[in-house]
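The values are calculated or read from the model by the stated rules, or taken from the named source; none is laboratory data. Note that the coordinates shown come from a computational prediction; the quantities given were computed from them, not determined experimentally. Cβ coordinates were reconstructed from backbone atoms using ideal geometry, including for glycine residues, and neighbour counts include every protein chain displayed. Surface areas here come from the heavy atoms of the whole protein model, side chains and all, with no ligands, DNA or RNA. Shrake-Rupley method; radii C 1.70, N 1.55, O 1.52, S 1.80 Å.
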Amino acid sequence: MDTINHFIGMAQDWLFEAMIQPVLYHLGFAGALEDAYDATLWLLAGFGQIIVLVCLIGPLQRWRPVEKVLDRKEIRLDVLYTVIHRLGLFRVALFFSIDPLFDSVFGQLHVWGLTTMQLDNLWPGVTDNALVSLAVYLVIFDLVEYLYHRAQHNVEWMWQLHAVHHSTRQMTMWSDNRNHLLDDLLHDAVIVVISQLIGVPPAQFVAIVAITQLMESLSHANLRVSFGSIGQRLLVGPKFHREHHAIAYETTATGKVVGNNYAVLFPFWDILFRTAYFKGNYGATGIADQLPEGGSRDYGRGFFAQQWLGFKRLAAAFRRRPRGA
């Protein structure tokens, strides 16, 4: 682990000194160098993820695709979403805008004597081991992801934003990051608060996000593969998650999709909360009301259209709420 950390540190130093620092000096942002150095780690992690997507998951998709690629324009749109997120553009924006607010809030809490939990120190000699603490953090964050994801499907206004993600009809490894930006902002705010509360070190936090995102790319892949009767109960794979994206005709009166298979990494949470379904058959993906028989609802074909329509659905959801609710 020390060797890996040393290698990552060297790569971060090189990337910052060769690319980021000169640009900041040229633009007159020398005062942001310290924050930019920390943000460089996100960019480095993003480059690593793109390499894995192109060199590993991409060939797997071509080897055993679920369906023939028919809508390359939709895939190119998902690639744009991926570049915005995985190359750190969205997260760096948060780093300079939202994160300072959280740092200020938690700094004030510390001044008032309210300390946060340090899970690394929970079991000295065990949880302070980097690999052990990483595993513990992954389990905790996966529970948070499960609960948040389930809320996205069962709280009407959250679903109106999350619908951007489910509107994809051509699901591939690039589809994971097709999200409404406000949805991502709210999600990341929750994750940052949790990480602050349990004392996740910055490098560990980047590793947690990178591992989770890569697994989500795999689970969204156009890949006909199952982890087997036992394996699919241990780790979320393409077959398990594709069932979550399958067109569902069972909805509530407000149009929220009634779903299953919400877990991001570990199906254990779906099994525990009785939302697991292991009999999926690689069905068509999307939302029922996108179909002609469902009303042909428009969720947008381009980035800006999808973002704007998401805001319109959100506003309509709030207008429908009973007064005082």
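Structure notes:
- Scanning the range 242-251 turns up one or more residues that are of a type in the set (D, E, K, R) and modelled with pLDDT under 85.
- Pairs are defined by a Cβ separation below 8 Å, a sequence spacing of at least 6 or placement on different chains, a first member in the range 62-81 that is basic (Lys, Arg), and a second member that is open to solvent by 60 Å² or more (accessible area, probe 1.4 Å); the pairs so defined are Arg64/Arg224; Lys73/Arg301.
- Residue count for the range 137-172 satisfying the condition of being open to solvent by 10 Å² or more (accessible area, probe 1.4 Å), among the charged types (D, E, K, R) and either more than 15 Å from the chain's Cα centre (by Cα) or more than 25 Å from Gln290 (Cα to Cα) (or both): 3.
- If you check Ile247, Ile230 for being among the β-branched types (Val, Ile, Thr) and without any contact (Cβ under 8 Å) to a residue 40 or more places away in the chain, only one passes: Ile230.
- Residue that is modelled with the highest pLDDT [pool: residues in the range 258-274 that are under 14 Å from Ala246 (Cβ atoms) and open to solvent by 20 Å² or more (accessible area, probe 1.4 Å)]: Asn260
- Among the residues making up the range 205-240, those that are under 16 Å from the mean Cα position of the chain (by Cα) and among the polar types (S, T, N, Q) are Thr212, Gln213, Ser217, Ser219.
- Test: residue in the range 173-188 that is buried (at least 18 other Cβ atoms within 10 Å of the Cβ), over 18 Å from Val83 (Cα atoms) and small (Gly, Ala, Ser): no
So that you can scan it fast, the table gives a plain yes or no per residue for (1) modelled with pLDDT under 95; (2) of a type outside the set (Val, Ile, Thr); (3) surrounded by fewer than 17 Cβ atoms within 10 Å (Cβ to Cβ):
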position: Ala276; (1), (2), (3): yes, yes, no
position: Lys279; (1), (2), (3): yes, yes, yes
position: Leu291; (1), (2), (3): yes, yes, yes
position: Ser296; (1), (2), (3): yes, yes, yes
position: Arg301; (1), (2), (3): yes, yes, yes
position: Gln306; (1), (2), (3): no, yes, no
position: Ala316; (1), (2), (3): yes, yes, yes
position: Arg320; (1), (2), (3): yes, yes, yes
position: Gly324; (1), (2), (3): yes, yes, yes
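- The residues of the range 204-225 that are of a type in the set (Gly, Ala, Ser), outside any loop (DSSP other than H, G, I, E, B) and either out of contact with any Leu (no Cβ under 7 Å at 6 or more places or on another chain) or open to solvent by less than 10 Å² (accessible area, probe 1.4 Å) (or both), listed by number, are Ala210, Ser217, Ser219.
- The helices (runs of 4 or more DSSP H) located wholly in the range 18-132 that include 1 or more residues which are open to solvent by less than 30 Å² (accessible area, probe 1.4 Å), closer than 30 Å to Gly280 by Cβ and modelled with pLDDT of 65 or more occupy 33-52, 58-63, 72-86.
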